[in-house]
1. Looking only at the stretch 170-209, count how many residues are closer than 22 Å to Leu93 by Cα, open to solvent by less than 50 Å² (accessible area, probe 1.4 Å) and of a type in the set (Val, Ile, Thr).
2. Filter the stretch 26-76 down to residues that are closer than 18 Å to Leu199 by Cβ, more than 13 Å from the ligand (Cβ to nearest atom) and in a loop (DSSP other than H, G, I, E, B), then give me how many there are.
3. Just one of the numbered conditions (1) open to solvent by 20 Å² or more (accessible area, probe 1.4 Å); (2) more than 30 Å from Pro213 (Cα to Cα); (3) part of a loop (DSSP other than H, G, I, E, B); (4) not aromatic (Phe, Trp, Tyr) is not true of Glu23; which one?
4. Answer yes or no as to whether Leu119 is more than 27 Å from Ile266 (Cα to Cα) and aliphatic (A, V, I, L, M).
5. Identify, from the list Ser183, Ser157, the residue that is more than 13 Å from the ligand (Cβ to nearest atom) and outside the structural domain of Ile266 (by TED's automatic domain parsing).
6. What tally of residues in the stretch 94-117 results from selecting those that are touching a helix residue (DSSP H, G or I) at 6+ places or on another chain (Cβ under 9 Å) and either over 25 Å from Arg27 (Cα atoms) or open to solvent by 10 Å² or more (accessible area, probe 1.4 Å) (or both)?
7. Exactly one of (1) buried (at least 21 other Cβ atoms within 10 Å of the Cβ); (2) in contact (Cβ under 8 Å) with a residue 40 or more places away in the chain; (3) of a type in the set (Val, Ile, Thr) is unmet by Val358. Its number?
8. Scan the stretch 305-327 for residues that are open to solvent by less than 70 Å² (accessible area, probe 1.4 Å) and free of Cβ contacts under 8 Å to residues at least 40 places away in the same chain and report the count.
Amino acid sequence: MDSTGSSLERTRAPAHGLEIEHEVSLRELNSFGLPAMAHSLVRVKSEGDVRRLLADPAYGTAPKLVLGGGSNLVFSRDPQAVVLRVEVAGRRLVAERPDAWIVEAGAGETWHEFVAWTLAQGWPGLENLALIPGTVGAAPVQNIGAYGLELADRFESLDAVDLVTGRTVTLDARACAFGYRDSVFKRDAIDGGLSGKSLITRVRLRLPRPWTPVLGYLDLERRMNETGNRAPDARTLFDWVCAIRRAKLPDPAQIGNAGSFFKNPIVSAEQCRDIIGRDPEIVHYPLPDGRVKLAAGWLIDACGWKGKSVGRAGVYERQALVLVNRGGATGAEVVALARAIQESVYGRFGIRLEPEPVIV
Ligand SMILES: Cc1cc2nc3c(=O)[nH]c(=O)nc-3n(C[C@H](O)[C@H](O)[C@H](O)COP(=O)(O)OP(=O)(O)OC[C@H]3O[C@@H](n4cnc5c(N)ncnc54)[C@H](O)[C@@H]3O)c2cc1C
C-alpha cells in the first residue's frame with residue numbers, strides 16, 4: 001500500500017460497536033493536499049465514541065492524533081497514531097443574557113458555517129473571523145485570529161474529553177491559557193500543556209450585547225474609505241472580510257496551503273531598533289507591553305523567497321507568509337522549504353521564525 005491512497009482498500013473492524021477504518025488516505029483531509037495514510041481512523045461523533053475507543057484493548061492505549069479539517073497540519077509522514085477525525089455536530093443558543101448571547105457548537109462543525117449561522121440568527125460578533133478554514137473544535141487550539149479579533153475575545157468555555165481517562169472536563173478561558181496563536185492545547189505536558197492529551201467536543205462563545213464593530217485593522221479602514229461607509233453593520237463587515245481574504249489568500253480547494261505558515265515574531269524594542277537601523281523599511285507593530293511584532297511575511301520577502309520553490313513546495317507569489325503545494329508536493333518538501341526560509345531569515349535578521357501549523 002503506498003501513501004497516495006491510490007491502491008486503497010479499506011477494512012473495518014468493530015471495537016465495542018465503534019467502526020475503525022484502516023489504510024485511509026489523508027490527502028483529501030488536509031488543506032495542503034499532502035499525501036499521508038492513516039493506518040487506523042475513527043470518526044468521533046460524541047464523547048461516547050472516545051470512551052468506547054479507550055476501552056478497546058487494541059486501540060485504547062495507542063498514541064492518538066486528533067484531526068479536524070486538516071487546515072493547520074503538515075503531514076511530513078504517515079501519522080504513527082490512531083487518527084481521531086472529529087465529527088461532533090450541533091449548534092444552539094445556550095443563553096440569551098442582557099449583556100451577551102451564549103452560543104455553542106459541536107467541535108466538528110465547520111467554523112465559517114458557524115460564523116455565518118450566528119449572523120443569520122441575529123447574533124453578531126464573529127464576523128471578523130469569517131472564512132477561516134477548519135472546524136469549531138480546532139479554533140481554541142491556536143486561538144484563531146484575524147482582522148483585529150481573536151477567538152479568546154469571544155470565548156466562554158469548552159468541553160474536552162481526556163484521551164487517557166475518557167473523562168469530560170469543562171475549561172474556561174483561564175484554563176485554556178490563550179496566547180498569540182497559542183493555548184494550553186498547543187503546549188506539551190512538560191510545559192503544563194495538554195497537547196495530544198484531549199479532544200475538544202464542544203465550544204461556547206460569548207457574543208457581547210450591544211454589538212460594536214471591531215474596525216481597527218488597516219484593510220477594514222481602507223474599505224471604509226473606499227465605500228464611504230464609516231459605520232458598517234455586522235453583515236457588511238462579514239462581506240468585507242470574506243472579500244479581502246479571497247483576494248489575498250489562495251483557496252485550498254485550488255492551491256493546497258495551510259494559511260500563514262509562520263507566526264509573526266515578537267521582539268524587544270531594543271532588538272527592533274537594531275533591525276530598523278539596518279533595514280529601515282521593516283514592517284512592525286508596537287505592542288501595548290512595549291515589545292514589537294514584526295511581519296513574518298515581510299522578513300521572508302526581504303530574503304527573496306516570494307515565488308521561490310523547493311521541489312513542488314513553494315512560496316505564494318502574492319503573500320510570502322503562505323507556503324503552497326504547486327502540485328504533488330510531499331510534506332518533506334514543505335518542511336525542507338520551511339527550514340530553508342527559517343535559516344535565511346535567521347542569517348539576515350537573527351530572528352527564528354516559528355511555524356504556525358502542527359508538523360506531524
Ligand atoms: C487558507 C487558510 C487561511 C487561514 N487563515 C487563518 C487565519 O486567518 N487565522 C488563523 O488563526 N488561522 C488561519 N488558518 C489556519 C486554520 O484555519 C486554523 O488553525 C483552524 O482553526 C484549523 O482548524 P482545523 O479543523 O483544520 O484543524 P486541524 O488542522 O485539523 O488541526 C490543527 C491542530 O488542532 C488539533 N485539533 C483539531 N481539532 C481538535 C479538537 N477537536 N480537539 C483537540 N485538538 C484538535 C489537531 O490535533 C492539530 O494539532 C488558515 C488556514 C488556511 C488553509
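1. Selection size over the stretch 170-209: 3.
2. Residues meeting the conditions: 5.
3. Going through (1) open to solvent by 20 Å² or more (accessible area, probe 1.4 Å); (2) more than 30 Å from Pro213 (Cα to Cα); (3) part of a loop (DSSP other than H, G, I, E, B); (4) not aromatic (Phe, Trp, Tyr) one by one, Glu23 breaks only (3).
4. Numbers: more than 27 Å from Ile266 (Cα to Cα): yes; aliphatic (A, V, I, L, M): yes.
The answer is yes for Leu119.
5. Values: Ser183 fails: more than 13 Å from the ligand (Cβ to nearest atom).
Unique residue meeting the criteria: Ser157.
6. Looking only at the stretch 94-117, we keep the residues that are touching a helix residue (DSSP H, G or I) at 6+ places or on another chain (Cβ under 9 Å), and these are 101, 103, 105, 109, 111-112, 115-116.
From what's left, either over 25 Å from Arg27 (Cα atoms) or open to solvent by 10 Å² or more (accessible area, probe 1.4 Å) (or both): 101, 103, 105, 109, 112, 115-116.
Within the stretch 94-117, residues that are touching a helix residue (DSSP H, G or I) at 6+ places or on another chain (Cβ under 9 Å) and either over 25 Å from Arg27 (Cα atoms) or open to solvent by 10 Å² or more (accessible area, probe 1.4 Å) (or both) number 7.
7. Every listed condition holds for Val358 apart from (1).
8. Residues of the stretch 305-327 that are open to solvent by less than 70 Å² (accessible area, probe 1.4 Å), as a first pass: 305, 307, 309-311, 313-316, 319-325, 327.
Narrowing the set further to residues that are free of Cβ contacts under 8 Å to residues at least 40 places away in the same chain leaves 305, 307, 309-311, 313-315, 320, 327.
Residues that pass the stated criteria total 10.
The values are calculated or read from the model by the stated rules, or taken from the named source; none is laboratory data. What you see is a predicted model; the values in this text were computed from it and never measured. Cβ coordinates were reconstructed from backbone atoms using ideal geometry, including for glycine residues, and neighbour counts include every protein chain displayed. For accessibility, only protein heavy atoms count, side chains too; no ligands or nucleic acids. Shrake-Rupley method; radii C 1.70, N 1.55, O 1.52, S 1.80 Å.
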